[in-house]
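Report on the following structure.
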Amino acid sequence: ITGELGQGSFGAVYAVTRRSDKQHLAMKVESVNVKKSMLAHEAEVLLSLSVVKSAHFVILYDKGSVENRFLFLVQTLVGINLWDLQ
């Protein structure tokens with residue numbers, strides 16, 4: 001983890017660097033205690049979109065959980081978030 005990119009009502013987003021090739025990625029995390037997991041749904045959507053192979057969609061590199069703590073997904077690190085574009 002190289003830094004925090006932001007936090008919201010559902011969790012946090014961190015900048016991460018993959019050790020094997022030094023690629024910069026984003027890791028989203030969400031507590032396992034949330035009433036409705038948005039991260040699990042987002043992972044399903046990204047998996048479905050992976051067959052399209054479009055430059056307009058982020059790539060889902062990994063997903064999982066740390067038992068009784070949080071869910072995570074690792075994806076392409078993109079530019080400015082939508083809130084900052086306003």
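No lab work stands behind these numbers, since they all come straight from the coordinates. All figures in this text were calculated on a predicted structure; none of them were measured in a lab. Quick reminder, even Gly has a Cβ in these numbers, built from the backbone with ideal geometry, and neighbours come from all protein chains shown.
Listed values, structure above:
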read-out	value
Least to most buried among Val34, Val66, Val13 (fewest other Cβ within 10 Å first)	Val66, Val34, Val13
Computed [θ] at 222 nm, helices only, for the chain once each DSSP H run of length n ≥ 4 contributes -39500 (n - 2.57)	-4500 deg cm²/dmol
Sequence of Lys22, Lys63 once ranked by neighbouring C-beta atoms within 10 Å, starting from the fewest	Lys22, Lys63
Relative contact order [Cα under 8 Å, 6+ residues apart], the chain, whole percent	25
For the chain, alpha-carbon Rg over 2.2 N^0.38 Å	1.09
Neighbour-count order for Arg19, Arg69, fewest beta carbons within 10 angstrom listed first	Arg19, Arg69
Choice from Glu44, Glu67, Glu30 with maximal GNM fluctuation in the chain (Cα, 10 Å cutoff)	Glu67
Gyration tensor (alpha-carbon) shape descriptor, the range 11-56, a/c threshold 1.5	oblate
Charged-residue dipole, Cβ positions (Lys, Arg, Asp, Glu), the chain about Cα centre, Debye nearest 20	120
